[in-house]
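Encoded as structure tokens, the structure appears first; notes follow it.
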Amino acid sequence: MFDATEQINAVQRQVGSRTLAAGEARVTTISQTYQATAEDLWDACTNAERIPRWFLPVSGDLRLHGTYELQGNAHGTIESCEPPHRFTATWEYGDEVSWIEVRVTPVGDERARLDLDHIAHVDQDRWAQFGPGAVGVGWDLGLLGLASHLAGDGSGVTPEQSAEWSASDEGRRAMELSSHLWGEASIAAGTNPDEAKAAATRTTAFYTATPEA
């Protein structure tokens, strides 16, 4: 049986920075190893027929220099593609542009690791308010869908069930745990613990639509 809490705990999280041409950017990294070949994991993340089974409906031209659009979410341009190992793309939402880098690495027989970097120039006030969980919790929910899809036993949460699940007690607990763990990753990166915990509390309130304590 698919366990959302177990899945959230199976993910690794890291917070860092990267210098871009436009200046210093924040890097939020989420990683997980799956019981899947690198080729199958790559296909799940890049095949327009499979992406909607665990994430969002996608349209566009999913090839090098092509564009994509995730229904009701981000769109962008695929800037590099090295199948079945790595691709980079812009992540454009509203009037903000950030970037994603996805890497797939085989780690043994029938196992592969996914690393996803979300790279963004973040206003200092917004970062202080929410920290890495602002995007990190969303990616945790995405990887929850991917793990469910790769498990293939029908016990997970499908995209069609995601809204109802997110409003359930299980969904709220999963998002609260994710937010807490992103706060821990922020502390590990050098953020003042009190500030990181306060930001995580605000992120939890945002995702679960509950008042802050």
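The values are calculated or read from the model by the stated rules, or taken from the named source; none is laboratory data. These numbers come from a predicted model, not from an experiment. When we count neighbours, we look across all protein chains shown, and the Cβ atoms used for this are built from the backbone with ideal geometry, even at glycine. To get the accessible areas, we keep the full protein, side chains included, count just its heavy atoms, and leave off ligands, DNA and RNA. Shrake-Rupley method; radii C 1.70, N 1.55, O 1.52, S 1.80 Å.
Annotations
- GNM result for the chain, Cα springs below 10 Å: residue of A36, A185, A200 fluctuating most strongly: A36
- Among residues other than C45 with Cβ under 15 Å from its Cβ, the summed charge is -2 (Lys and Arg +1, Asp and Glu -1).
- Sequentially through region 100-108, phi angles give Karplus couplings (6.51, -1.76, 1.60; θ = phi - 60°) of 10, 10, 10, 10, 10, 10, x, 10, x Hz, Gly and Pro residues having no value and appearing as x.
- The chain: DSSP helices with Cα axial extent of at least 20 Å and average Kyte-Doolittle hydropathy no lower than 1.0: 133-151
- Simple spin-label estimate for L56 and A205 gives 2.6 nm between the two label positions (7 Å along the Cα-to-Cβ direction from each Cα).
- Solvent-free Debye calculation, one equal scatterer per alpha-carbon of the chain: log10 I(q)/I(0) at 0.09, 0.11 Å⁻¹ equals -0.34, -0.52.
- Per residue, region 62-213 exposes an accessible area of 52 Å² to a 1.4 Å probe, with every protein chain left in place.
- Cα gyration tensor category, rounded, prolate or oblate, for region 91-148 with a/c compared to 1.5: prolate
- Across H65, H180, H75, mean-square fluctuation computed from a Gaussian network of the chain (C-alpha pairs under 10 Å connected) peaks at H65.
- When only Cα pairs below 8 angstrom with a gap of at least 6 residues are kept, region 138-198 shows a relative contact order of 20 percent.
- Accessible carbon and sulfur surface of the chain relative to its total accessible area, %, 1.4 Å: 49
- Relative contact order, percent, the chain [alpha-carbon distance under 8 Å, six or more residues apart]: 22
- Take every pair of alpha-carbon atoms less than 8 Å apart whose residues are at least six positions apart; their mean separation over the length of region 47-89 yields a relative contact order of 24 percent.
- The GluC sites (Glu not before Pro) of region 57-163 that DSSP puts in a loop, and whose beta carbon has at most 13 other beta carbons within 10 Å, are E110.
- Pairwise alpha-carbon distances in region 131-205 exceed 21 Å for 31% of all pairs.
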